[in-house]
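Where a number appears in this text, it was derived from the coordinates with a stated rule and is not lab data. Remember, it's a predicted structure, so these values are computed and weren't measured experimentally. Cβ: placed from backbone, ideal geometry, glycine included. Neighbour counts: every protein chain shown.
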Amino acid sequence: MTGWFADFMNHPATYLKSGWFQISITNLLVILLMLAIFAIAILLPFPQEKKEERGSTKETRK
Amino acid sequence: MSTAEKEIFDAAPWKGKTKKYDFVREGVIAVVVVTVLAIFFSLLFGSPDEPPLTFKGWAVSNSDNFYATAVQELAGTSGTATYGAPYNENGDGLNIGPLWMQRWAGVTRPIDTVNDFVIAPLSTQIMSSDIANALAAWKAASDSQKTTWATSYDDAITKVEGKISDVAAGDYGPVPVLAQGLTEMAKGGALDAALLSQGGFFQTDNTKQILFFGDGSYLDDAGTAANLQGGTWGMMNETGRYPGQAWLWLYSFWYQIPPFNNEESKPIGANADAYIMGLMGLLTLGLILIPVIPGIKTLPMRIPIHRGIWSQYYKSQGIKRRKK
């Protein structure tokens, strides 16, 4: 399947290399994206839960 | 909170507010979102579109290497011919100490490089009288005669480092004509189809092509050019700029460090695939057994990430972190 950026994507990748370590820029971006999503998932509060929590606290107080 | 209080707290039924939860609705939303994202990113990026490797491409781009590989197949000195199980009994295969798993599994996919890669494909063609005569001479010869012809020619090619035009004259029987015939067949594109042909309507088994490719430099060079070699984290990579299998980082990691990255180092480097498979098996077992491994199972107490996720709950319930 040909995508809008397929020409760009099918060119040889750029690699970062240091000693025995080597990684493609794309893989690095994907890994950083995964870590960022993980961090966001942990740090962001659940908005819905916040409302529920208020409700739940009220009920408990009753 | 004392241990007894904690047990009472944990065992007590939930007294807070409850809410109906539509599990099917949640699932449908997830599937729809993922489908939309998959379609969007497919339209945006497409998929890897590397031109296929073919015997025609190999024979045209590096005719001498193809020719030399064909001779190795006849001489029984190629990587496939000396691989051992599951293709033949000409090698011991990999082992971990006394565990010869490859040999124990036995020959389940027999491949005779002489007939499967050279003689049978050539026999399917309408051939010149030279090739027909060479085939007849090969078939009529004894096994030892065949080996002598092919091995002498293979040695002669190795001596001149694969440059066919520099090979010294000698008694190589019909081997040069057979190798030249197979090279011409490959250049015309007929070898690709002949190796794939299995007699069924759908041709889905590419084992022979891949093994033959692997015996020469064509596949190896293509792998190096695309950064797909195991020694350069290739297991994690994809052709072009597409992301690869980043989750295989740990598997790939072992191939970069000694002794695994040195094929000459015995016993581990020479059997790296087997040792790394065993090592990853052990690590996976460790992952499965985390809940029962002392020290590891209590890590959440020392690194309380879950308290960060559920911080609102802990705050609302007034539960503080347990002191050591």
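Which value in Å is the Kirkwood Rh of the range B:55-225 over different Cα pairs?
Across the range B:55-225, the inverse of the average 1/r is 16.8 Å.
Where nothing but the Cβ of Lys and Arg (+1) and of Asp and Glu (-1) is charged, how large is the charge dipole of chain B around its Cα centre, in debye to the nearest 20?
For this selection, approximately 3280 debye.
So which of B:17/B:315; B:56/B:163; B:139/B:159; B:56/B:146 end up more than 22 Å apart by C-alpha?
In this structure, B:139/B:159; B:56/B:146 lie more than 22 Å apart at Cα.
Given a Förster radius of 35 Å and the C-beta distance between residue B:127 and residue B:161 as r, what FRET efficiency does 1/(1 + (r/R0)^6) yield to the nearest 0.05?
Once rounded, the FRET efficiency stands at 0.70.
Which residue, chosen from B:52, B:27, B:37, occupies the Cα position most advanced towards the positive end of the dipole of the range B:1-70, where the dipole is computed from +1 (Lys, Arg) and -1 (Asp, Glu) charges on Cβ about the Cα centre?
B:27
What's the Kirkwood radius of the protein assembly as shown in Å, using all Cα pairs?
Mean inverse Cα-Cα distance, inverted, gives 26.9 Å.
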